[in-house]
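K.L.:
This structure is in structure tokens; I'll ask about it shortly.
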Amino acid sequence: MSVDAQTVRRIARLARIAVAEDEVEHLQGELNAMLAFVEQLSEVNVDGVEPMTSVTPMAMRMRADDVTDGENAEAVLANAPQSDDGYYMVPKVIE
Amino acid sequence: MTELTSLTLAEARDRLAKKDISALELTNAHVVAIEKARSLNAYVLETPEQAVSMAKASDARIAKGEAGPLEGIPLAIKDLFATKGVRTTACSKILGDFVPTYESTVSSQLWRDGAVMVGKTNNDEFAMGSSNETSHFGPVQSPWRREGSNTPLVPGGSSGGSAAAVAAQLCLGATATDTGGSIRQPAAFTGTVGIKPTYGRCSRWGIVAFASSLDQAGPITKTVRDAAIMLRSMAGPDPKDTTCADIPVPDYEAAMGKSVKGLRIGIPREYRLDGMPPEIEKIWQQGCEWLKAAGAELVDVSLPHTKYALPAYYIVAPAEASSNLARYDGVRYGLRVPGRDITDMYEKTRSEGFGAEVRRRVMIGTYVLSAGYYDAYYLRAQKVRTLIKRDFEQCFEAGVHAMLTPATPSASFGIGEKGGADPVEMYLNDVFTVTVNMAGLPGIAVPAGTDGQGLPLGLQLIGRPFDEETLFSLGAAIEREAGHFVAKPWW
């Protein structure tokens, strides 16, 4: 399988990465090189094989449903590009 | 003063304990060495003031008889580990001047045990790379050069800064992380020792995430013993990481002197690649003979899905990365580029903040997870991953204790030499190491010799899950025969 220019634009949109029109062709070539490389997986017989979900057998550890952290808004916001009065600031999202 | 930087971690520990040297003089010697070696670009942030105050505190604890297992040992920290109050960027523009308000579990355990932080080391952006050339801070120069040549070489990657800092004697050990070979490949390129422990041995909490089902922290050091000492402090259960195993950490250093007599060592035939340099073949053969002479039994084994590990990795790792890196949105931390609305802000921020390799991987990851392609790519890759792991399990069930392979398909190469036209050329560096991540196993790279141009070459030992001890015993056996490899200073 390979991607066309339209698909490159669609992936960029899904990934929320702005791609300039003059970069599309180059990116298309790079992505197709990667896709050509992974193409060899199609020759593996995977009938009846379970997909891996955990690389080491382990049971999910449970803990009591208690509050264990919090009350540190200042630390949470310390690296925000823009914050005000305990909130992150973003461009207007609701008209 | 230079003499102090040439000590191994174990030697420095013993001399500190005997009060032959002070932690402060040991730290100062390294601070001076780091300043002189700036042309290597191994460190992206030096922390001399913090180092001196930590060293003074170590001397005070030594005086009171309260020394920890790493008391006064100068260590470098890969810039992927969150360090409280100390800038942490993953060497990406998108993290900008991020200053964590918390400490990663692994680094906090090093400080708990008395270690001294001398700085943060360079790495490929978000650990995506095999040469340290994708770093926003620019490439690292290896302390090694080809005989009679001034061509700058790569130290490998992604933990290139850590490997170069250890090899150039700018610290006594460094933390690193390994998703597809990022500890073992740079260790092999720089004549240092690097171990990627079993998945779940070290907590991932506070380490900038790349591919969560593959990422694992480990040390890069001058010797096998030093790696054993450092891993013991780094490893162990952590309630903050549910994938971190609740298994006690053994005294790895005790495995050092243990005999390897009677151990069955698998030699996987699929690791013999067409067109592999004869020097790699030779060093592998040499390693086999050393282990045989030490009493180990060599057995030919087959891992039939080996060739599919790298292509499966280039689906699984980018898929997980595309998900993990969704957090860099210009809202909570790091870079923000203003846009006409919130989506435009996201897109501009991520376009400007991510380098070319990261962008490429996030996009391929997004594609293989997108509707209509998930089954053909991602699901199939996860099934292949099951088969890769099964190959190893069958060998271990048949009585094999560990496997011996080359660490890399070549020695180090020149900066700018690979991957310019085709990204896959660079990816092939990890052909021998990536299987180990896909199967969650421990793997150690140990220096074993040099090529015709005087550059270090390494061997890799792969172990059973949570049996790092056998790797230390075998690694020590190889090290005893191969000796140590120290770069001649030119910087």
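The values are calculated or read from the model by the stated rules, or taken from the named source; none is laboratory data. Computed from a prediction, not measured in an experiment: that's the story for all the values here. Reconstructed Cβ throughout: ideal geometry from the backbone, glycine too, with neighbour counts over all protein chains shown. The accessibility values were calculated without ligands, DNA or RNA, using every heavy atom of the protein model including side chains. Shrake-Rupley method; radii C 1.70, N 1.55, O 1.52, S 1.80 Å.
K.L.:
Show which aspartates and glutamates lie in cross-link reach of B:LYS307 when reach means a straight Cα distance below 14 angstrom and same-chain residues fewer than eight apart are skipped.
P.N.:
Filter leaves A:GLU39, A:GLU43, B:GLU270, B:ASP274, B:ASP391, B:ASP430.
K.L.:
From Cα pairs below 8 angstrom and at least 6 apart in sequence, can you work out the relative contact order of the range B:2-254, rounded to a whole percent?
P.N.:
Details: 640 pairs, mean separation 47.1, N = 253.
It rounds to 19 percent for the range B:2-254.
K.L.:
What's the local net charge at B:HIS30, with K and R +1, D and E -1, over the other residues with C-beta under 11 Å away?
P.N.:
Working: positive: B:LYS36; negative: B:GLU25, B:GLU35, B:GLU46.
Spelling it out: positives minus negatives among the neighbours equals -2.
K.L.:
Relative to the longest principal axis of chain A, what angle (0 to 90°, nearest 10) does the C-alpha long axis of helix A:5-14 take?
P.N.:
Once rounded, the angle reads 20 degrees.
K.L.:
So which lysines pass the test for B:LYS93, namely a Cα distance under 21 Å, with those fewer than 8 places away in the same chain ruled out?
P.N.:
The qualifying lysines are B:LYS78, B:LYS84, B:LYS120, B:LYS348.
K.L.:
Only bridges with both residues in the protein assembly as shown count here: give the DSSP antiparallel percent, nearest 5.
P.N.:
Looking only at bridges with both residues in the protein assembly as shown, the antiparallel portion is about 70 percent.
K.L.:
Which order do you get for A:MET89, B:MET234 if you rank them by accessible area with a 1.4 Å probe, largest at the top?
P.N.:
Working: A:MET89 75, B:MET234 0 Å².
Most to least solvent-accessible, the answer reads A:MET89, B:MET234.
K.L.:
Still on this structure, I have one more. According to the square roots a ≥ b ≥ c of the eigenvalues of the Cα gyration tensor, what is the shape class of the range B:369-491, taking rounded for a/c under 1.5, prolate for a/b larger than b/c otherwise, and oblate for the remainder? Each step should come with its number before you reach the end.
P.N.:
On the way: a/c = 3.23, a/b = 1.23, b/c = 2.63.
The shape class here is oblate.
K.L.:
Which angle between 0 and 90 degrees, to the nearest 10, do you get for helix A:24-38 versus the longest principal axis of chain A when only C-alpha atoms count?
P.N.:
Roughly 70 degrees between the two axes.
K.L.:
Do any residues of the range B:335-369 lose at least 50 Å² of accessible area when the full set of protein chains is present rather than just their chain alone, and if so which, with a 1.4 Å probe?
P.N.:
Buried by 50 Å² or more upon assembly, which counts only protein chains, are B:ARG336, B:ILE342, B:GLU347, B:ARG359, B:ARG360, B:MET363, B:ILE364, B:THR366, B:TYR367.
K.L.:
Based on the alpha-carbon gyration tensor of chain B and its eigenvalue square roots a ≥ b ≥ c, which shape applies: rounded if a/c is under 1.5, prolate if not and a/b is larger than b/c, or oblate?
P.N.:
Working: a/c = 1.42, a/b = 1.04, b/c = 1.37.
Since a/c stays below 1.5, the shape of chain B is classed as rounded.
K.L.:
Right, something else. Say the cut-off is 19 Å between C-alpha atoms; which of B:LYS36/B:LYS488; B:LYS19/B:LYS64; B:LYS261/B:LYS282 go over it?
P.N.:
Details: B:LYS36/B:LYS488 14 Å; B:LYS19/B:LYS64 12 Å; B:LYS261/B:LYS282 23 Å.
From B:LYS36/B:LYS488; B:LYS19/B:LYS64; B:LYS261/B:LYS282, over 19 Å: B:LYS261/B:LYS282.
K.L.:
In terms of the Cα gyration tensor, with a ≥ b ≥ c the square roots of its eigenvalues, is the range B:2-254 rounded because a/c is under 1.5, prolate because a/b exceeds b/c, or oblate?
P.N.:
On the way: a/c = 1.42, a/b = 1.10, b/c = 1.30.
In terms of gyration-tensor shape, rounded.
K.L.:
Could you run the numbers on buried accessible area between B and A, total for both chains, 1.4 angstrom probe, in Å² to the nearest 100?
P.N.:
Working: alone 18520 and 9610 Å², together 22770 Å².
Approximately 5400 Å² gets buried when B meets A.
K.L.:
Express the relative contact order of chain B as a whole percentage, based on alpha carbon pairs under 8 Å and six or more residues apart in sequence. Spell out each step's value before the answer.
P.N.:
Numbers: 1211 pairs, mean separation 87.2, N = 491.
Relative contact order of chain B: 18 percent.
K.L.:
To the nearest 10 Å², what's B:HIS401's accessible area with a 1.4 Å probe?
P.N.:
The value for B:HIS401 is about 50 Å².
K.L.:
Okay, moving on. Per DSSP H run of at least 4 residues, take -39500 (n - 2.57); add these up for chain B, divide by its residues and hand me the 222 nm value, nearest 500 deg cm²/dmol.
P.N.:
Values: 16 runs with 179 residues, N = 491.
After summing the helix terms and dividing by the residues of chain B, the value is -11000 deg cm²/dmol.
K.L.:
So how much accessible area does A:TYR88 have, in Å² to the nearest 10, using a 1.4 Å probe?
P.N.:
Here the accessible area works out near 80 Å².
K.L.:
Enter the Cα centre distance for the pair the range B:468-491 and the range B:390-435, rounded to the nearest angstrom.
P.N.:
Each part's Cα centre sits 19 Å from the other's.
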